[in-house]
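First up is the structure itself, then whatever we jot down about it.
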Amino acid sequence: MIKCSLSEDLVEIKVEFANDPVWNERIRHVKDRRWSNSRKCWLVPNTRENVVKIGQLFGKEKCRFAEEIIRLYKPEATIEEINRYLNPPRKRWANKPIPSEYDTCAEVIALHQEIKLRNYSHKTFRNYKSALVSLMIHVKQKPLDMLTLTELKSFFLYLIEKRKLSGSSLNVYINAINYDKISPLNTKAKISSSRSS
């Protein structure tokens with residue numbers, strides 16, 4: 001679920017959602033958006049265009065706009081309409097994870113099977129899947145078995161220089177890519193050797 005509320009100064013809209021590489025990629029289509037480390041959310045200028053854009057990017061059923069945003073941009077809305085919007089009837093499986101277009105990728109399926117075989121937690125799968133999807137987005141959906149060592153190094157440089165990831169976060173990416181069924185490059189040996197050099 002994407003939660004949108006006004007910032008304290010009313011100048012920006014706070015856009016909050018669970019860390020998801022697909023959603024992070026979508027929010028980058030909003031002009032003048034920025035990430036706030038202190039608030040742990042995206043901030044976008046408070047305009048009607050941005051409210052509409054967020055609804056289009058994520059789908060209205062996945063967005064939950066705060067009452068003050070609704071009153072600001074839809075002043076004719078009745079109290080009943082606002083209450084119906086803010087308190088929709090609960091569906092069974094209301095908290096079920098939203099399927100991603102990457103869930104059907106062979107690499108993600110292989111990762112899921114490998115995680116199950118090793119009896120790792122669902123949280124580990126979620127973290128590894130997120131790392132794997134980030135790689136797929138970075139290489140523009142080029143098949144992972146076609147990646148070169150140079151492209152992998154470029155991806156890790158991007159994570160270090162642009163995303164400023166820590167060593168422990170980088171290890172999650174390395175571990176996700178190191179599964180033999182996922183990476184025919186046998187990146188484990190290659191990444192390990194490139195880290196030591």
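Data table
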quantity: Spin-label pair Lys140/His29, simplified geometry with 7 Å Cα→Cβ offset, distance in nm; calculated: 1.7 nm
quantity: Sites Glu68 and Ser36, calculated FRET efficiency, Cβ-Cβ separation with R0 22 Å, nearest 0.05; calculated: 0.75
quantity: Cα-projected label distance for Ile82 with Glu101, points at 7 Å along beta-carbon direction, nm; calculated: 3.6 nm
quantity: Carbon and sulfur %, accessible surface of region 5-58 computed with the full protein complex present, 1.4 Å; calculated: 47 percent
quantity: Residue-normalised accessible area of region 1-48, given per residue in Å² at a 1.4 Å probe; calculated: 59 Å²
quantity: Probe 1.4 Å, protein heavy atoms only - accessible area per residue of region 100-139 in square angstrom; calculated: 55 Å²
quantity: Packing-based order for 74-85, 128-139, using average beta carbon neighbours within 10 Å, highest first; calculated: 128-139, 74-85
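The values are calculated or read from the model by the stated rules, or taken from the named source; none is laboratory data. Worth saying up front: this structure is predicted, and the values here are computed from it rather than measured. For neighbour counting, all protein chains shown are included, and Cβ atoms are generated from backbone atoms with ideal geometry for every residue, glycine included. Ligands, DNA and RNA are excluded from the accessible area calculation, which covers all protein heavy atoms including side chains. Shrake-Rupley method; radii C 1.70, N 1.55, O 1.52, S 1.80 Å.
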